[in-house]
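Just below is one structure, and these are the notes that go with it.
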Amino acid sequence: MSVTEVTDADFAAQVIGSELPVLVEFTADWCPPCRQMGPVLKALAAEEGERLKVVQLDVDANPETTNAYKVLSMPTFMVFRAGEPVKAMVGARPKRRLLAELEDVL
């Protein structure tokens, strides 16, 4: 699986309505740590696609969702399970650490 782009318009369908847990990266084009996370998220999506959906939301283009979840820093990662945010993490991190932090929600 690959990393999917989501928007305010399809956030509910893609994330809230997902049967799998969803890792959302709140990101921005101007954010260097967000760009660093690109390859990490692609690898995570490829390896954990059976257990986890990985999506990105551009905070500048999608202020409604960004504000609804009170996202202030980029990148912010949120895990949604059964439509609810169950975990939030702020800042870039290596894949091994990200996987370790996701273990309890997968």
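The values are calculated or read from the model by the stated rules, or taken from the named source; none is laboratory data. Treat the numbers as computed from the prediction; the structure is a model and nothing was measured. Quick reminder, even Gly has a Cβ in these numbers, built from the backbone with ideal geometry, and neighbours come from all protein chains shown.
When we screen Q36, Q56 for residues that are among the polar types (S, T, N, Q), modelled with pLDDT of 95 or more and in a strand (DSSP E or B), the only hit is Q56.
Selection of segment 56-70 for residues being in contact with a helix residue (DSSP H, G or I) (Cβ under 8 Å, 6 or more places away or on another chain) and either closer than 17 Å to C31 by Cα or without any contact (Cβ under 8 Å) to a residue 40 or more places away in the chain (or both) yields Q56, L57, V59, N62. Of all residues in segment 67-90, those satisfying the criterion of being over 13 Å from V22 (Cα atoms) and either more than 12 Å from the chain's Cα centre (by Cα) or among the hydrophobic types (A, V, I, L, M, F, W, C) (or both) are N67, A68, Y69, K70, V71, L72, S73, M74, M89, V90.
The set of residues in segment 23-35 that are within 19 Å of N67 (Cβ to Cβ) and under 13 Å from the mean Cα position of the chain (by Cα) comprises V24, E25, F26, T27, A28, C34. Annotation note: of A45, A68, A12, the sole residue that is hydrophobic (A, V, I, L, M, F, W, C), closer than 20 Å to L98 by Cα and either surrounded by fewer than 20 Cβ atoms within 10 Å (Cβ to Cβ) or in contact with a Cys (Cβ under 7 Å, 6 or more places away or on another chain) (or both) is A45.
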